[in-house]
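The values are calculated or read from the model by the stated rules, or taken from the named source; none is laboratory data. Remember, it's a predicted structure, so these values are computed and weren't measured experimentally. No Cβ is skipped: glycine too gets one built from the backbone with ideal geometry, and neighbour counts run over all protein chains shown. In case anyone asks, the SASA skips ligands and DNA or RNA and just uses the protein heavy atoms, side chains included. Shrake-Rupley method; radii C 1.70, N 1.55, O 1.52, S 1.80 Å.
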Amino acid sequence: MSLNDIIGKSTLIVQATVQPTYSALRGAVIYTHFQVQVSNTYKGSSVNNLDLAVPGGAVNGMQQSFAGAPTLTAGQNYLLFLWTSKTGLTQVIGLSQGLFYVSTNTAGQLIVSRAAASATMLNASGQTVTDSSLQMTLAEMVSRIQTVLAGGGQ
């Protein structure tokens, strides 16, 4: 997905830190759940905390992993592009595509970045596509989000 697609299709975009809480089996898939402490909301209803599910984890001696699933670190500051399923499960959109690290550059500006996804990705036609890394200031990202949400940048 393009960045504009990620912005447009997300149901919630937040800046937040995460803490792992538990893993649980849901159907045939194990999800690791994270408690998300939200500091800023850029799309969707403002919330202070939410439960985020990431595919993969360990339950009762069983372990699952999924190519492209995001890896979250406790206490790390993130910009998260999220979607919530009809069953109420909130996940990062596009697996790792919707996960940006927030850090500070040498000029003191907040930077958002993500590496290119290493998993094979397909477009809507089923053709293989290559992902690319992204990096910009948080202010530039917020401006991009606002432009897309206002109907521009499509």
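Brief remarks on what is shown
- Listed conditions (1) open to solvent by 60 Å² or more (accessible area, probe 1.4 Å); (2) of a type outside the set (S, T, N, Q); (3) out of contact with any Phe, Trp or Tyr (no Cβ under 7 Å at 6 or more places or on another chain) are all met by Pro20, apart from (3).
- Figure legend. Inter-residue proximity from segment 106-117: first residues modelled with pLDDT of 90 or more, second residues surrounded by 18 or more Cβ atoms within 10 Å (Cβ to Cβ) and of a type in the set (Phe, Trp, Tyr), beta-carbon distance below 7 Å, spacing 6+ or different chains. Indicated pairs: Val112/Phe100; Ser113/Phe100; Arg114/Phe100.
- Of all residues in segment 93-112, those that are open to solvent by less than 50 Å² (accessible area, probe 1.4 Å) and either under 20 Å from Gln37 (Cα atoms) or not in a loop (DSSP other than H, G, I, E, B) (or both) total 9.
- Scanning segment 75-90 for residues that are buried (at least 21 other Cβ atoms within 10 Å of the Cβ) and aromatic (Phe, Trp, Tyr) yields Tyr78, Phe81.
- Residue count for segment 38-58 under the criterion of being at negative phi and either surrounded by 15 or more Cβ atoms within 10 Å (Cβ to Cβ) or of a type in the set (D, E, K, R) (or both): the result is 10.
- Residue that is nearest to Thr137 (Cα to Cα), among those in segment 59-92 that are touching a helix residue (DSSP H, G or I) at 6+ places or on another chain (Cβ under 6 Å) and part of a loop (DSSP other than H, G, I, E, B): Pro70
- Ala53 being at pLDDT below 90 and outside any helix (DSSP H, G or I): no
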